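K.L.:
Here it is, the structure in full.
The values are calculated or read from the model by the stated rules, or taken from the named source; none is laboratory data. Just so it is clear, the model here is predicted, and its values are computed rather than measured. Neighbour counts run over all protein chains shown; Cβ positions are idealised from the backbone, glycine included. When the accessible area is computed, the model is the full protein with side chains, heavy atoms only, and any ligands, DNA or RNA have been set aside. Shrake-Rupley method; radii C 1.70, N 1.55, O 1.52, S 1.80 Å.
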Amino acid sequence: MLDSFTPMGGWLGHKSQLLPEPVVAVPEVPSKVSNGFTYVLLMWLASRLVVIVAMQLIAPLLPLQPMTIPDVVKPIFNFIPTPGFELFSHWDGDWYEKIATEGYQYDSQSSQQQSIAFFPLFPLLVRGLMLLGLPFSFAAFLINNFAFLGAVYFLFRWAAEQHGVRVARWAVAVLVWFPYSIYGTVAYTESLFLLCTTGSLWAFEQKRYRWTAFWAALATACRPPGIALVIALLLAAWKEKRPFPAYVAGLAGLAGILVFALYCGIQFNDPLAFHKAQQAWDSENLMSVFQKIVVERRPSLDMATRLTVLVGSTFLLGWYRKTLTTVAFLYGVSSLALILASGSTMSINRFAFGIVSLSLVAGLALARLPRVGWGLMGAFAIGLSLSSIRFAWWRWVA
């Protein structure tokens, strides 16, 4: 793949020293694949314990200055974390609690942040558990963590079938230990979105189009980037000359966002209310980040991390494009394209965590570089702990 770079071979060395050659998919014996649940469970449990210990035990003991956060749903003054499930419900969790308890609100004349910007699947499921008597924080914690477990298991099975158990294990390790996998525990939609997108992609590979449609529809009811999944399914169906049901399954993925638009039209007389409300969330765009880092030479660690994740993800996706299945590659490309098209970089690390194809390419790379992988997992574990502490203290984790 790097033949065009051979003039630089004198200092780059052989291309296999720069990055491992893409590996060919190795079909697995079914019994070996089925044994993966124990590994998945242990990795999920260990990483979630790191998050819980950091947030519930370590964060409350730190002698930091109390936090004041005026620009959230319920303004916070002189906040110091105390152990409890409420620590998992900061930032967007406040909005989801408002939706689950009070329903959606929208004023077309307002330029303020409004709850209609948040898609309905997660708060609906939380509301269902709350009807059983559970408080919001606990219900959201249960749904998000078990959805994350399901997503990790789907990833393992899918990766093992396409690339072998070794790649599957590394892909799982990357997903659960990535510092932004904190969003697989707190009251956010990332876990549910990962579950739906991975389930749909895995079902598509198996030609189970009813399940493909089911999970895809839930994905677009969960988060706007679900549109990237619909694009990937339709393009993969065309490229692989799949039968008509594959196209129907891809188009069925639009159901989630169309139903939400119908609700907005009936309830607020504006089918695009959710899109208009999202514009109230100002964020730093890609050009401003590039200017600060390259032109003004005023980079921050956060900016550098975001740019590294974006560039690194794009590079790995391109490098392993012939190794990935068609739909996995197209989903990764369409998801990154949506991020670039939006121009926003504020939460790019969190968005990257929610793109399952990126965990796959990382697994492919680390399966050939296990020593690098072990060191990276150690750094990830430290980063996950720090992210958890920041979140518990109402400090933004982008």
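K.L.:
Mind listing just one residue for me: the one in segment 69-105 that is touching a helix residue (DSSP H, G or I) at 6+ places or on another chain (Cβ under 6 Å) and of a type in the set (Asp, Glu) and, of those, surrounded by the most Cβ atoms within 10 Å (Cβ to Cβ)?
P.N.:
Glu97
K.L.:
Report every pair of residues separated by at least 6 positions or lying on different chains whose Cβ atoms are under 7 Å apart, first residue within segment 40-51 and more than 15 Å from Met377 (Cα to Cα), second open to solvent by less than 40 Å² (accessible area, probe 1.4 Å).
P.N.:
Correct list of pairs: Val40/Val152; Val40/Phe156; Val40/Val172.
K.L.:
Taking segment 147-171 only, how many residues are buried (at least 24 other Cβ atoms within 10 Å of the Cβ) and β-branched (Val, Ile, Thr)?
P.N.:
2
K.L.:
Residue under question is Val327, and the condition is that it be at pLDDT 95 or above, within 20 Å of Pro225 (Cα to Cα) and open to solvent by less than 20 Å² (accessible area, probe 1.4 Å); does it hold? Explain how you work it out, then say what you get.
P.N.:
Numbers: at pLDDT 95 or above: yes; within 20 Å of Pro225 (Cα to Cα): yes; open to solvent by less than 20 Å² (accessible area, probe 1.4 Å): yes.
Yes, satisfied.
K.L.:
Can you tell me which residue is most open to solvent (accessible area, probe 1.4 Å) among those in segment 204-221 that are of a type in the set (S, T, N, Q) and more than 15 Å from the chain's Cα centre (by Cα)? Outline the logic, then answer.
P.N.:
Within segment 204-221, the subset of a type in the set (S, T, N, Q) is 206, 212, 220.
Subset that is more than 15 Å from the chain's Cα centre (by Cα): 206, 212.
Working: Gln206: 68, Thr212: 0 Å².
The selected residue is Gln206.
K.L.:
Going through segment 119-142 one residue at a time, which ones are aromatic (Phe, Trp, Tyr) and closer than 27 Å to Gln56 by Cα? Don't jump to the end; show me each part of the working.
P.N.:
First, pick out the residues of segment 119-142 that are aromatic (Phe, Trp, Tyr): 119, 122, 136, 138, 141.
The answer is Phe122, Phe136, Phe138, Phe141.
K.L.:
Here's another thing I want to ask about it. Within segment 235-245, can you find the residues that are of a type in the set (A, V, I, L, M) and open to solvent by 50 Å² or more (accessible area, probe 1.4 Å)?
P.N.:
Step one: filter segment 235-245 for residues of a type in the set (A, V, I, L, M), giving 235-237.
Hit for segment 235-245 is Leu235, nothing else.
K.L.:
Tell me, please, whether a residue that is in a helix (DSSP H, G or I), surrounded by fewer than 19 Cβ atoms within 10 Å (Cβ to Cβ) and at pLDDT 95 or above can be found in segment 182-203. Before the answer, list the steps.
P.N.:
Step one: list which residues in segment 182-203 are in a helix (DSSP H, G or I), which gives 182-184, 190-203.
Going one step further and asking which of them are surrounded by fewer than 19 Cβ atoms within 10 Å (Cβ to Cβ), we end up with none.
No, the conditions are met nowhere in segment 182-203.
K.L.:
Separate question: Do any helices (runs of 4 or more DSSP H) entirely within segment 340-398 hold 2 or more residues that are more than 21 Å from Cys222 (Cα to Cα), of a type in the set (Lys, Arg) and open to solvent by 60 Å² or more (accessible area, probe 1.4 Å), and if so, which?
P.N.:
Working: elements: 348-353, 356-368, 370-392.
Filter on segment 340-398 gives 370-392.
K.L.:
Give the number of residues within segment 91-113 that are of a type in the set (Phe, Trp, Tyr) and part of a loop (DSSP other than H, G, I, E, B).
P.N.:
Just the residues of segment 91-113 that are of a type in the set (Phe, Trp, Tyr), to begin with: 91, 95-96, 104, 106.
Then keep just the ones that are part of a loop (DSSP other than H, G, I, E, B); that gives 91, 104, 106.
Number satisfying all stated conditions: 3.
K.L.:
Under the condition of being free of Cβ contacts under 8 Å to residues at least 40 places away in the same chain and assigned to a loop (DSSP other than H, G, I, E, B), which residue from segment 119-145 is surrounded by the most Cβ atoms within 10 Å (Cβ to Cβ)?
P.N.:
For segment 119-145, the residue satisfying everything is Leu134.
K.L.:
Leu233 is checked against (1) modelled with pLDDT of 95 or more; (2) farther than 17 Å from Gly332 by Cα and fails just one. What number does that condition carry?
P.N.:
With (1) modelled with pLDDT of 95 or more; (2) farther than 17 Å from Gly332 by Cα applied to Leu233, the lone miss is (2).
Conditions tested, residue by residue: (1) at pLDDT below 95; (2) over 24 Å from the mean Cα position of the chain (by Cα); (3) among the polar types (S, T, N, Q); (4) surrounded by 15 or more Cβ atoms within 10 Å (Cβ to Cβ).
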residue	(1), (2), (3), (4)
Arg223	yes, no, no, yes
Tyr247	no, yes, no, yes
Ala255	no, no, no, yes
Gln279	yes, no, yes, no
